[in-house]
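Here the structure comes first, spelled out in structure tokens, and everything after it is commentary.
Values quoted throughout were computed directly from the atomic coordinates according to the rules given, and no laboratory measurement underlies them. Predicted model only: the values in this text are computed from it and were never measured. Cβ atoms come from the backbone with ideal geometry, glycine included; neighbour counts cover every protein chain shown.
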Amino acid sequence: MTLLKQPLPTAPRLDPLVSGIRAALNHRGDWQRTAQHAASELRRYLPAPEMLTGIPPGELLHVEPDGTFSIQAIVWPAGRITRIHDHVTWCVFGVIQGVLDEELFTLDGSGDCLVPVGRSTNATGAVNGFAPPGDIHRVANNAGRTAISIHVYGTDLSRIGSSALRSYDLPVRP
């Protein structure tokens with residue numbers, strides 16, 4: 001596993017978001033509730049794309065010193081799509097430019113096939129969140145222009161390298 005580079009010091013312009021996520025974690029709930037609280041804070045402090053000027057794409061924007069969360073910006077060129085995957089912990093994301101499509105899945109009773117259970121189109125300003133179990137999804141930029149999203153993960157990405165737990169190479173039931 002390749003570990004990510006050490007993150008840049010948090011830009012002061014992200015301080016309100018970092019403080020908001022810290023406050024969300026003080027609510028002490030299960031991962032679903034934590035994701036809901038973190039999503040509320042991300043919605044409240046969702047940065048504009050200009051706030052990321054000078055930060056390399058894919059760079060970690062912040063890792064909490066105690067490892068409880070990380071913030072990352074992801075640049076999505078037109079046509080980019082993730083594998084179907086789930087996560088090691090809760091996650092929230094907000095779209096700060098463009099449009100991202102998300103497909104949600106569950107395993108069928110036998111575990112041999114994925115079943116679509118939902119779909120959303122997330123335009124600029126949209127915030128969504130989820131937590132295991134039940135977080136099997138893929139995200140795509142099906143639009144004709146670059147999209148940018150901010151992700152908050154409930155772990156130290158500089159230590160574990162990726163938020164994905166598993167990728168699913170199973171057939172998808174129509």
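Residue count for the stretch 88-113 under the criterion of being over 25 Å from Met51 (Cβ atoms) and not in a loop (DSSP other than H, G, I, E, B): the result is 5.
For the stretch 38-67, a tally of residues being touching a residue at least 60 places away in the same chain (Cβ under 8 Å), of a type outside the set (Gly, Ala, Ser) and either assigned to a loop (DSSP other than H, G, I, E, B) or at positive phi (or both) returns 3. Kindly indicate whether Ile96 is surrounded by 18 or more Cβ atoms within 10 Å (Cβ to Cβ), touching a residue at least 12 places away in the same chain (Cβ under 8 Å) and β-branched (Val, Ile, Thr). Yes. Within the stretch 139-174, being under 24 Å from Asp112 (Cα atoms), hydrophobic (A, V, I, L, M, F, W, C) and not in a strand (DSSP E or B) holds for one residue alone: Leu170. What are the residues in the stretch 139-171 that are within 19 Å of Gln36 (Cβ to Cβ) and either surrounded by fewer than 17 Cβ atoms within 10 Å (Cβ to Cβ) or not hydroxyl-bearing (Ser, Thr, Tyr) (or both), if any? Correct list: Ile150, His151, Val152, Gly154. In the stretch 105-120, the qualifying residues are those that are in contact with a Lys or Arg (Cβ under 9 Å, 6 or more places away or on another chain) and surrounded by fewer than 18 Cβ atoms within 10 Å (Cβ to Cβ), and the one that is farthest from Gln32 (Cα to Cα) is Cys113. Restricting attention to the stretch 68-87, report how many residues are aliphatic (A, V, I, L, M), within 20 Å of Phe130 (Cα to Cα) and assigned to a loop (DSSP other than H, G, I, E, B). Qualifying residue count, the stretch 68-87: 1. Can you find, within the stretch 121-138, the residue that is surrounded by the fewest Cβ atoms within 10 Å (Cβ to Cβ) among those that are among the β-branched types (Val, Ile, Thr) and part of a strand (DSSP E or B)? The qualifying residue surrounded by the fewest Cβ atoms within 10 Å (Cβ to Cβ) is Thr121. Whether a residue is assigned to a strand (DSSP E or B) and under 23 Å from Asp15 (Cα atoms) was assessed, and Gly118 does not pass this test. Residue pairs whose Cβ atoms lie under 8 Å apart, sitting 6 or more positions apart in sequence or on different chains, and linking a residue in the stretch 104-121 that is in contact (Cβ under 8 Å) with a residue 24 or more places away in the chain to a partner that is of a type in the set (Gly, Ala, Ser) and exposed (fewer than 12 other Cβ atoms within 10 Å of the Cβ), are Leu104/Gly118.
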